[in-house]
Amino acid sequence: MGPGDIKKTLQEEAKRLNIDKIGFASADPFTELKERLKDHRKAGYESGFEEPDLEKRTDPRKTLPNARSIIAIALAYPTRLENPPDSKPGAYRGVFCRASWGEDYHRVLKRKLEGLKVKLLELVPDAKVEIMVDTGALSDRAVAERAGIGWSGKNTSIITPEFGSWVYLGEMITDVYLPPDQPLTQSCGECTACLDACPTGALVAPGQLNSQACLAYLTQTKGMLAEEYRNKLGGYLYGYETCQAVCPYNRKKNFTQHEEFHPDPDQVKPLLKPLLRMSNREFRQRFGKMAGSWRGKKPIQRNAIIALGRYRDRTAVPDLIHLLENDPRPVIRGTAAWALGRIGGSEAEEALYRVKEKESNEQVMVEIEKALHECGIQETANHRTYREA
Ligand code: B12
Ligand code: SF4
């Protein structure tokens, strides 16, 4: 069988496996990307989640010697929640980004790629293959771009004409030669909607993201969230997606053909308060299969506390006080102090004074002081409102 026929058979197999898009690219080094990545690093824009070795990241042959082709795939994911549960006073909810809905996409895409691998090995029994989804050395986006899956948007996402950027990407490097596809020629044109909408200015230039300021990244950090970002998360517990939501290519796109990605509304939009007291075991049971659980419980709980503070949910005060007084993790105590400062009231203020006497962590102390100051400001404001009335 010739390379063209192998490619055709793989395309047919992809259809059978319910893969939304498949593209083929050469495995030559990504030389242009390498220069970009160097600049990206120099500017301090990396997240730290990327493969650190730039050689490995841009040369597929560092992963698979004699690599000749890369087979890239994309799977579309849903964007709409049917019957979303209400988020209301006393029962506020947070939200996981759409890229975390349903079963962890790493597993789903790897299964699809394994299916393609089986077919390729049937056709070329001594073929060598290496499968990657997100955590591999290569830039999945650069591969998808080269393979004609989609084009690179100003929000840095790969945008497909059919599914917008609501797609996951994955690839398989092989030493089998397969005729490459052509990259797409489409582009964003004059549109700047994502750059204008990003609440933190993380999209520093078209196609260039400062990850350190990206809310999608910041929801995944384990330390204290810098104060300037706390009011900008908008209820997100994991990930962020405004730069995708505003994109005209994503408008009204909602693809539900993969059952694995169907969201459980109560899981992807959970009540905030119960998250605060969740054990590790409960967390794993409830969220362990989602992509959004990979950083563990702490960032999700921290973000839930921030959301409760932002909503000024008075019914959360007892739970927040419990954390402030008892939680062994300074990040959780410090964030709880911040939330109590935002919510205010005598119960919160008294608790803050109480813990001030015994707190030994410096960072938490700073948050307590600031929260007490905030309570004082609110007290004065309430008093003023009362007098004016
Ligand atoms: C690190 C990482 C992050 C970081 C940094 C993201 C970033 N933009 O760099 C953080 C945590 C912020 C993140 C967030 C998200 N991520 Co992410 N992430 C990755 C990861 C592991 C590496 C990306 C990387 O190397 N970034 C560094 C930049 C420089 O490289 P790059 O983005 O691959 O480079 C492309 C473009 O940025 C552009 N480019 C790079 N530099 C320059 C410079 C100029 C001047 C120009 C014009 C262009 C340009 O060219 C490259 C080829 O297209 C990939 C998986 C992988 N192995 O590739 C997933 C991946 C990119 N993430 C993905 C997803 C889904 C997300 C989120 C949507 C999740 C969410 N809802 O929160 C957000 C989107 C935020 C955004 N606008 O990028 C998908 C993207 C799918 C798609 N359609 O594009 C990937 C491919 C995972 C996957 N296998 O599906 N992610
Ligand atoms: S919002 Fe506009 S500029 Fe941004 S990625 Fe979409 S089309 Fe491109």
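Each value in this text was obtained by applying a stated rule to the coordinates, not by laboratory testing. What you see is a predicted model; the values in this text were computed from it and never measured. As a convention, Cβ positions derive from the backbone with ideal geometry for all residues, glycine included, and neighbour counts pool all protein chains shown.
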Per residue of the stretch 188-202, what does 6.51 cos²θ - 1.76 cosθ + 1.60 with θ = phi - 60° give for ³J(HN,Hα)? Whole Hz please, x for Gly and Pro, Karplus curve as stated. 6, x, 7, 4, 9, 3, 5, 5, 6, 8, 4, x, 10, x, 5
Using 7 Å Cα-to-Cβ label points, what is the ARG80/ASP5 separation (nm, one decimal)? 4.5
Within the stretch 46-99, list the trypsin sites (Lys or Arg not before Pro) lying in a DSSP loop whose Cβ has at most 12 other Cβ atoms in a 10 Å radius. ARG80
At 7 Å along the Cα-to-beta-carbon direction for both ALA197 and HIS322, put a label point, then send me their distance in nm to one decimal. 3.7
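As an exercise, identify the chymotrypsin sites (Phe, Trp or Tyr not before Pro) in the stretch 1-66 lying in DSSP coil whose Cβ has no more than 16 other Cβ atoms within 10 Å.
On the way: sites: PHE24, PHE30, TYR45, PHE49; in loops: PHE30, TYR45, PHE49.
Answer by residue number: PHE49.
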Which residues' amide hydrogens lie under 5 Å from the amide hydrogen of GLY170, considering only partners 5 or more residues apart or on another chain, with H built in the peptide plane? ILE73
Could you point to the residue in LEU37, ASN18, PHE49 farthest towards the positive end of the stretch 1-131's charge dipole, with +1 and -1 charges on the Cβ of Lys/Arg and Asp/Glu respectively? ASN18
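Between ARG277 and GLU350, what length in nm is gained on full extension when 0.36 nm per residue of separation is reduced by their alpha carbon distance?
So the extension gain works out to 24.1 nm.
Which value in deg cm²/dmol, rounded to the nearest 500, describes the helix-derived mean residue ellipticity at 222 nm for the chain, given -39,500 (n - 2.57) per DSSP H run of n ≥ 4 and division by the residue count? Working shown, then result.
Working: 17 runs with 166 residues, N = 389.
Counting only the DSSP helices, I get -12500 deg cm²/dmol.
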Inter-label distance, nm, simple model (7 Å from Cα along the C-beta direction), LYS222/GLU162: 4.0
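At 0.36 nm per residue, and after removing the present C-alpha to C-alpha distance, how many nm does the segment from GLN182 to THR31 gain when stretched out fully?
Working: separation 151, 0.36 × 151 = 54.36 nm, distance 1.74 nm.
Full extension from GLN182 to THR31 adds 52.6 nm.
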Tell me, in nm to one decimal, what length is gained between ALA205 and SER87 on full extension, where the rule is 0.36 nm per residue of separation less the Cα-Cα distance? 39.0 nm
Karplus (6.51, -1.76, 1.60) ³J(HN,Hα), θ = phi - 60°, over the stretch 175-180, in Hz, Gly and Pro reported as x: 8, 8, 7, 9, x, x
